[in-house]
Amino acid sequence: MARPEKVRLGEILVQQKLLTEEQLGLALAEQKRSGRKLGRVFIENGYVTEEQIAGALARQLNVPYLNLKFFNVNPEIVRLLPETQARRFRALVLEDRRGALLVGMSDPTDLFAYDEIVRIVKQPIELAVVNETEVLGVIDRIYRRTEDISDLARELEQDLGDASVDFGALAAANANLEEAPIVKLLQSVFDDASQVRASDIHIEPQEGRLQIRFRIDGVLHLQTEADIKIAPSLALRLKLMSDLDISEKRLPQDGRFAVRVKNQRIDVRISTMPTQYGESVVMRLLSQSNTQLRLDAIGMPKTILEKFRAIVQRPNGLVLVTGPTGSGKTTTLYCALAELNSVEKKLITVEDPVEYRLPGINQVQVNDKIELSFARVLRSALRQDPDIVLVGEMRDQETAQIGLRAAMTGHLVLSTLHTNDAASTPLRLMDMGVPRYMVGSSLQAVLAQRLVRVICESCTTPYELTPTEHEWLRMELHDKVDKARYFHGKGCSHCNGMGYRGRTGVYELLEMTRDVVDAANDPDPSHFLKTAAAQMAGDTLRRHAVALVIQGRTTVAEAMRISNQTED
């Protein structure tokens, strides 16, 4: 392909009637004032979308427009262009066409970038227009830090040598030792975890080796393995970063710290635990930059969303969110808090630990070391004249009773509990020793939830049910099971071959209506469970999961996994 001619983006958009002359003038003035790229000004002002700009450039230059979301890139081909240049020019090598390379650029009119790419790859190139946001997403996935992490781990191992020098302590003692291998190693681990959207980092000493794993969409993946002797240095450095006791290696410890990855702040919750071969370290990553705390953004069905919003707007009562660890309970509660937060209301949270930091809310972290327990903080919080109180977890009878009494005396109390489903939650409170009358008079609703993995939209393909899956779906869909189409992800570069990318919530809501409250006061638990099931009218976790299967958003295997959890 011949070298492209320089064109004016604004003129192209005006010619193709995607932009008015007035909008172009305003954007040019803003560009001159701010120094931002003109295309970015168009997008941020809402004049056009990235897709419209890419399509307009493709038509003007007579080159194809490629949607990278549905393009299965080859990592080896992409890496023909170094990461630095790929990010700088917003460009990707997509195909080797035997004699020329297909290169996707978000701005194919950048003649300097074109010349530099030809010089680097040393081959003729053919251009395609791609979306800038999608380019950056592919770069984050392809240019992983796996090799860097392995190299830095070996470098740290060499620095430690055979002597018993603790490099973590050495680096900590010198604040200027930012180039130390251990510092670079940890930074690379956090960078890589951020790029693949990991929620947790596991650093685990095993016999003769140290393994580092990432949890992505609820599933653990091995990142790298290194020599076991660097494990104490990593654990010590992380303890220093989170102000833990570096001399204590026999007892578990919990802490937190913050890191910056690509100009984003990430709060890190750290837990250390002594194991047979050393201290195991697990870190939960909580991004504070891209947190969208909105109830309508977490996958809640419209019918449940409307009911739940109405319930949390009530002036008093207890609202519980239930599910196993890692099912998104805290995120749901924070979404509710974000919508309730206003200058007219005083909100207090009692948590262990504080996961999200919200402006305008008084957040208290429990500290058992100084006997600052849930119950103690909750008693004090109620003397602070709150309107809404969030209790991180109903862990014991005392906390549950204080929370229910607060709900009876004019406060809205939000909390979590570990139960399998919504219907069993009131019975669980009674098993904890909470009086039956208190549950009936204070509990407003129970929201049970799980998380299911979403099929990768870049590689979704039709799927034929196995006999077991067919029979399982027949129990829910009956004769309609053969009329629906089913899908799964075959695996691609966008989802690291997993077939899934991201997760969404599955929900059921039990509202404590008069009939349900009367049944709760009945000593026969089976009567209550029947009444609760009738109140939910079949709108259960299982039914919501099946609905996601019919919509083509998740697989039958994921729906069955959720169902098995609740049935157990």
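Over the stretch 451-522, give the accessible area per residue in Å² for a 1.4 Å probe, as an integer.
Heavy-atom SASA per residue in the stretch 451-522 reads 51 Å².
Show log10 I(q)/I(0) for the stretch 431-518 at q = 0.11, 0.12, 0.20, 0.22 Å⁻¹, two decimals, from a solvent-free Debye sum over equal Cα scatterers.
Listed by q, the Debye log ratios stand at -0.58, -0.65, -1.00, -1.10.
Pop the C-beta distance of Arg119 and Lys490 into the FRET formula with R0 = 45 Å and round what comes out to the nearest 0.05.
With R0 = 45 Å, the Cβ-Cβ based efficiency is 0.75.
³J(HN,Hα) across the stretch 327-337 via Karplus (A = 6.51, B = -1.76, C = 1.60, θ = phi - 60°), whole Hz, x for Gly/Pro?
These are the phi-based 3J(HN,Hα) values: 9, x, 4, 5, 4, 4, 5, 5, 4, 5, 4 Hz.
Are there cysteines in the chain with no second cysteine's Cβ under 4.7 Å away, and if so, which?
Cys335
Over the stretch 32-142, what is the percentage of antiparallel beta bridges among all DSSP beta bridges, to the nearest 5?
For the stretch 32-142, the DSSP antiparallel bridge percentage is about 45.
Once you have the Cα-Cα distance between Glu155 and Glu464, take 0.36 nm times their residue separation minus that, and quote the gain in nm to one decimal.
Residue separation times 0.36 nm, minus the Cα-Cα distance, leaves 106.3 nm.
Of Gln397, Leu293, Val41, which is farthest along the charge dipole of the chain in the positive direction, counting Lys and Arg as +1 and Asp and Glu as -1 at C-beta?
With unit charges placed on the Cβ atoms, the residue in question is Val41.
Pop out the carbon and sulfur fraction of the accessible area of the stretch 220-379 as a percent, whole number, probe 1.4 Å.
50 percent
I need to check one value: relative contact order of the stretch 1-136, counting alpha carbon pairs closer than 8 Å and at least 6 residues apart, in percent.
Dividing the mean separation by the residue count of the stretch 1-136 yields 27 percent.
Given an 8 Å cut-off on Cα distances and at least 6 residues of separation, report the relative contact order of the stretch 399-518 as a percent.
RCO, the stretch 399-518: 31 percent.
Each residue of the stretch 98-112 in order: what ³J(HN,Hα) in whole Hz does its phi give by Karplus 6.51 cos²θ - 1.76 cosθ + 1.60, θ = phi - 60°, with x for Gly and Pro?
Computed from phi, the couplings for the stretch 98-112 are 6, x, 7, 9, 7, 10, x, 10, 6, 10, x, 8, 7, 5, 4 Hz.
Angle, helix 541-550 long axis vs. longest principal axis of the chain, Cα atoms, 0 to 90°, nearest 10?
Tilt of helix 541-550: around 30 degrees.
What net charge is computed for the residues neighbouring Asp515, neighbours being all others with C-beta under 13 Å from the C-beta of Asp515, Lys and Arg scored +1, Asp and Glu -1?
Local net charge: -1.
How tilted is helix 467-477 with respect to the longest principal axis of the chain? Cα atoms for both, answer in degrees (0 to 90, nearest 10).
60 degrees
Just how large is the dipole of the chain about the Cα centre, in debye to the nearest 20, putting +1 at every Lys and Arg Cβ and -1 at every Asp and Glu Cβ?
Dipole about the Cα centre, nearest 20: 1100 debye.
Could you check how many percent of all C-alpha pairs in the stretch 174-315 are farther apart than 28 Å?
Tail of the P(r) past 28 Å holds 29 percent of the pairs.
I'd like the orientation of helix 231-241 relative to the chain: the angle between its Cα long axis and the longest Cα principal axis, in ° from 0 to 90, rounded to 10.
80 degrees
Quote the FRET efficiency, to the nearest 0.05, computed for Arg376 versus Leu222 with a Förster distance R0 of 56 Å and r equal to the Cβ-Cβ distance.
Calculated value: 0.85.
Semi-axes of the equivalent ellipsoid of the stretch 205-255: what are they in whole Å, largest first, if each equals the square root of 5 times a C-alpha gyration tensor eigenvalue?
Its equivalent ellipsoid spans semi-axes of 22, 16, 9 Å.
For His488, what residues show an amide H to amide H distance below 5 Å, using hydrogens built from the backbone and excluding near sequence neighbours?
Amide H neighbours of His488: Thr461, Tyr463.
Name the residue from Thr466, Ala422, Gly440 whose Cα lies farthest towards the positive end of the charge dipole of the stretch 403-471, charges +1 on Cβ of Lys and Arg and -1 on Cβ of Asp and Glu.
Gly440
About the Cα centre of the stretch 444-497, how large is the charge dipole given +1 on each Lys and Arg Cβ and -1 on each Asp and Glu Cβ? Please answer in debye to the nearest 20.
180 debye
Tally Lys and Arg at +1 and Asp and Glu at -1 over the other residues with C-beta under 9 Å from the C-beta of Leu101: what net charge comes out?
My count for the surroundings of Leu101 gives -2.
Could you run the Karplus curve 6.51 cos²θ - 1.76 cosθ + 1.60 with θ = phi - 60° over the stretch 116-125 and give me ³J(HN,Hα) per residue in whole Hz, x for Gly and Pro?
5, 5, 4, 5, 6, 7, 6, 8, x, 10
What percentages make up the Cα-Cα pair-distance distribution of the stretch 258-389 when the bins are 10 Å wide from 0?
Going out from 0 Å in 10 Å bins, the stretch 258-389 shows 10, 34, 36, 16, 4, 0 percent.
Hey, what's the Cα Rg ratio for the stretch 368-502 versus the globular rule of thumb, 2.2 N^0.38 Å?
Working it through for the stretch 368-502, the quotient is 1.58.
List the residues, sorted by chain then number, that are 5 or more residues from Arg256 or on another chain and whose placed amide H is less than 5 Å from its amide H.
Answer set, sorted by chain and number: Ile270.
Could you state the accessible area per residue of the stretch 329-438 in Å², with a 1.4 Å probe and every protein chain left in place?
Each residue of the stretch 329-438 exposes 43 Å² on average to a 1.4 Å probe.
For Tyr500, list long-range residues whose amide hydrogen, built 1.01 Å from N in the peptide plane, is under 5 Å from its own amide hydrogen.
Amide H to amide H, under 5 Å and 5 or more residues apart or across chains, Tyr500 pairs with Cys456.
What distance in nm separates the simple spin-label points at Arg197 and Asn263, each placed 7 Å from Cα in the Cβ direction?
For Arg197 paired with Asn263, the spin-label model returns 2.2 nm.
What order, most packed first, do the peptides 212-225, 420-433 have when packing is the mean number of other Cβ atoms within 10 Å of each residue?
Descending packing order for the listed peptides: 420-433, 212-225.
Taking the convex hull of the alpha carbon atoms in the stretch 403-468, what volume per residue do you get, in Å³?
With only Cα atoms used, the stretch 403-468 gives 140 Å³ per residue.
Select from the stretch 229-296 those trypsin sites (Lys or Arg not before Pro) which occupy a DSSP coil region and have at most 16 other Cβ atoms within 10 Å, ordered by residue number.
Passing sites in the stretch 229-296 are Lys249, Arg250, Lys262, Arg294.
When averaged across all projection directions, what area in nm² does the alpha-carbon convex hull of the stretch 1-88 cover?
7.3 nm²
I need to check one value: relative contact order of the chain, counting alpha carbon pairs closer than 8 Å and at least 6 residues apart, in percent.
Result for the chain is 9 percent.
The values are calculated or read from the model by the stated rules, or taken from the named source; none is laboratory data. Since this is a predicted model, take the numbers as computed values, not measurements. Glycine gets a Cβ as well: all are built from the backbone with ideal geometry, and neighbour counts include every protein chain shown. For accessibility, only protein heavy atoms count, side chains too; no ligands or nucleic acids. Shrake-Rupley method; radii C 1.70, N 1.55, O 1.52, S 1.80 Å.
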